[in-house]
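The values are calculated or read from the model by the stated rules, or taken from the named source; none is laboratory data. A quick note: this is a predicted structure, and the numbers were derived from the prediction, not measured. A quick note on method: Cβ atoms are made from the backbone with ideal geometry, for glycine too, and the neighbour counts reach across all protein chains shown. Ligands, DNA and RNA are stripped out before the accessible areas are found, and what is left, the full protein with its side chains, is counted by its heavy atoms. Shrake-Rupley method; radii C 1.70, N 1.55, O 1.52, S 1.80 Å.
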Amino acid sequence: MLRAAYMAQELLTTFVDDLQSVNLEPSEISGRYTVFVNDEIIFDRKRAGRFPEIKELKQLVRNIVNPEKSLGHSDH
């Protein structure tokens, strides 16, 4: 849950004008970590076999919510 809260904070800070909300929902299935944007799965820990890096997650979200947005150092 701590990792999810950190990533939610990063997304809200980075996409302050692009996201209306970030929801954290506990899962009954242990180890589940799935990220959705508008009901579309953009990252699933089970499929990837790992957690996303914050840079990667920001890029995935940006590509949907504001493709023209520069992420500065996270784009490199």
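Tabulated values for the structure
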read-out: The chain: relative contact order in percent, alpha carbon pairs under 8 Å with at least 6 residues between; value: 24
read-out: Accessible area (Å², per residue) of the chain, counting only protein heavy atoms and a probe of 1.4 Å; value: 73
read-out: Amide H contacts under 5 Å for F43, placed H, 5+ residues apart; value: V35
read-out: Cut-off 16 Å (backbone N to label point 7 Å along Cα→Cβ of S21), residues of segment 33-62; value: 36-40
read-out: Heavy-atom accessible surface of the chain: percent carbon and sulfur, 1.4 Å; value: 47
